Each structure stands twice: as C-alpha cells, then as structure tokens.
C-alpha cells in the first residue's frame, strides 16, 4: 500500500512537470489533453546548460546582450559520430515593445534560461522512447533572438541586439570544435519557430559537412502558411514583415527565394521548400493549433468573439468554422504537393489540433502516440532518415483520426 502511494506521487509530479514545461506561445496558456496520454514513472534525462563563451568575440548575443547557450548530451557506441542538432522554438518578436519584453524571459536572455532541460521525444537517451537517435550526440540550441536565428542588427536606443544569425554560427562553430566536424550522420531539427529556422538553415547546415556525411533536416510544426484569416486579411504576413524588417533578417534569408520574392515572403516555408537541396522531412498537423489561435482566428480579428470557443477547443467549432479550417488544410496540402514528389523528402501530416510533436514523448513514441497507417512519428522519421522506406504520410481529414493528442486550452 505504501509503495502504491509513492508511485502515485511520482506519477503526479511527472505530470505536473510536463504540463508546466510545455509552452505554445508567449502567453503560455495552460494545456489540457483531450486524448488521455501515458506517462512514464521515470523522470526524463536532464541535460545541463552550456554557455557559449566564444560567442562574445563574434557579437553573437541574445536580445539583452547575454551570451547564448545550448544543452549537449554526448553520444556513445554506434551513435558516437552521429549528431542531432535541435533548434529551440518559442515565437518571435516583431516590434521594439515585444522584443524588450522578451529580454525579461528565457526567450531573450540566457540569464533566465533553465540550468538543465529534460531531453524527451527525439532528444531522449532511452531506446524504448527514441529507437533511432537515442545514442546520438543530441544538442538543443537555445532560442533567444526572436527571429528564428536569422536577424543581424541592433536598436541601441532600446538596448536590443538582434543577432540570431550570429548565434547560429557561433553555436555551430562551437559544436564543430567538440567533434561534430567528424560526423558521419547529422540531422537538424526544430519545432515551431525552431522548425522554421530548420528550413531556413537546412542547406547551410548541409554545407558544413563533406559529401559523404548523411545530412538531413526535420521541421516540426514549422510549416507556417500565408493564409487568409477569418477577417479576410493576412495576420501572419503582417507579423512576419515586422520581424524581418526590425531584425534585419533579409540578408540572411535563402537567396534562392530573395532573388525573386520580397523578404517577408521568404520567411514563409511555402516559398522555400521547393528550392531546398537537402533532404527535408515536414512533420505538421493539418490543423495547427498555434496557427489557428494566432494567425487564422486571433482575437484581434474576432471582435465579436465568434471564434472564441472554437479557438480554444476544436470540439466547440461550428460546422462553418470546421469548413474554414478544412480550407486551411487544403492550403497546406497544396503547398506540399510539389515538395512530396521528390524521393528524398518526407511527410507526416496528421489531422490533429496540436502544435509540435517530435519533442514530446507522448506524441513522438509511446503506447498511444499518434499514427498514420499504424506507424508512429518516430518510426516514420527513422524510416525516412535511414532510407528504410519512403514516407509520404498524409492523414484523412478531421475527424477521422482517433489517435490524435488534441490540445485544448482554457
């Protein structure tokens, strides 16, 4: 009886830690799972922070001028010469006010970053949780610039440093000195703003290694669309225009795009993925909960609150609202149609209301994790990376998938 009591306590603590560690946007809304998830009693592997001291000489600093950081868990055995580099996500700042606010958080200053982070999902060191990458060198580069590691400018009056591109370069150089230059296999990944950064830096990452190295990229929840919002406008395009302009990102965006489109358009993956030469895997939900809340039906475009309930809980959407969201899914499928024809690329687009699935254990690889065709995300990514099978998995439209871990907000 006593043992059962302590097991329950441990499970409760793990659940609380998981809920408070997941952040979908800057308001850090509380999350409830509409789909019951399974949680391991064992605590996740914690990995300490490394401040990049060499970044100072390069001017590679966070928004507030502090040094950038990463978390590094060294690989072993068959994974000793394989590297997984994960770019942290966490939204963007598009004006001085929001960037100044970020300076007071871990999204803009290493002063506020956690001293250690749990490595779960694709970062886990447990072969039962992460069968293909568990013993690789696994790195999470912290995100403190607010422009998906692309900016390079400053605002002296506001004491803001926009040095995302320099942070990216400084982190990569430091990792190369720690053995990454000898990599036989490498995978660049990221979720949300980190998923966008993965797309933006994918070919640059490939260029770090000799042609004999197997280099690929995985973008999770990074397929941000220039979609029409519920008011008929383009909320996300206007927002991204502020990010790109404020932070001087245009000179660091892929030239294959900027040589024929404006810089803001080149911050959208739909204008980038066709020209990426490196094998790329796109993992995304067809009903991305962040995009629904922040760019499709934001409160600013919903003055009468017609979308309030639907925005927080898909089960409360009306028929016409679901039809609008099906249009968003169709837009996404049109965007990836040409991309999917390339044999080297991979896709996993499931019909869930969620955001980021590779770094959470319950969605990456667990007993009841989401599947398409009975294949979990971890296995789909592994099959693609190691060329075990072609992976072009697109789910049937909502509400057909009963394996989703839908996110519900309160």
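The values are calculated or read from the model by the stated rules, or taken from the named source; none is laboratory data. Here the structure is a predicted model, which is why all the values come from computation and not from measurement. Cβ placement follows ideal geometry from the backbone for every residue including glycine, while neighbour counts extend to all protein chains displayed.
The single condition from (1) part of a helix (DSSP H, G or I); (2) over 26 Å from residue 272 (Cα atoms) that residue 303 fails is (1).
Can you tell me which residue in region 257-274 is surrounded by the fewest Cβ atoms within 10 Å (Cβ to Cβ), limited to those that are more than 27 Å from residue 359 (Cα to Cα) and in contact with a helix residue (DSSP H, G or I) (Cβ under 7 Å, 6 or more places away or on another chain)? My answer is 261.
Scanning region 257-280 for residues that are assigned to a loop (DSSP other than H, G, I, E, B) and more than 20 Å from the chain's Cα centre (by Cα) returns 259, 260, 261, 262, 263, 277.
Comparison of 378, 389 shows that the only residue that is out of contact with any strand residue (DSSP E or B) (no Cβ under 8 Å at 6 or more places or on another chain), at pLDDT 95 or above, closer than 14 Å to residue 281 by Cα and buried (at least 18 other Cβ atoms within 10 Å of the Cβ) is 378.
Just one of the listed residues (175, 196, 188) is within 18 Å of residue 280 (Cα to Cα) and in a helix (DSSP H, G or I), namely 196.
Of the residues making up region 291-317, those that are within 17 Å of residue 406 (Cβ to Cβ) and loosely packed, with under 14 Cβ neighbours inside 10 Å are 315, 316. If the condition is being part of a helix (DSSP H, G or I) and closer than 17 Å to residue 63 by Cβ, then region 83-142 contributes 96, 97, 98, 99, 100, 101, 102, 110, 111, 112.
The set of residues in region 318-330 being in a helix (DSSP H, G or I) and surrounded by fewer than 14 Cβ atoms within 10 Å (Cβ to Cβ) consists of 319, 320, 323, 327, 330. Restrict the check to region 43-53 and report whether at least one residue is in a helix (DSSP H, G or I) and modelled with pLDDT of 95 or more. Within region 43-53 (the criterion being in a helix (DSSP H, G or I) and modelled with pLDDT of 95 or more), the answer is yes, since at least one residue qualifies. Of the numbered criteria (1) part of a loop (DSSP other than H, G, I, E, B); (2) at negative phi; (3) buried (at least 21 other Cβ atoms within 10 Å of the Cβ); (4) touching a residue at least 60 places away in the same chain (Cβ under 8 Å), the one residue 369 fails is (4). Filtered by the rule that a residue be touching a helix residue (DSSP H, G or I) at 6+ places or on another chain (Cβ under 8 Å), buried (at least 24 other Cβ atoms within 10 Å of the Cβ) and over 15 Å from residue 376 (Cα atoms), region 115-132 gives a lone residue, 124. Would you point out the residue of region 221-256, among those that are touching a strand residue (DSSP E or B) at 6+ places or on another chain (Cβ under 9 Å) and not in a loop (DSSP other than H, G, I, E, B), that is surrounded by the fewest Cβ atoms within 10 Å (Cβ to Cβ)? Residue satisfying both the conditions and the ranking: 246.
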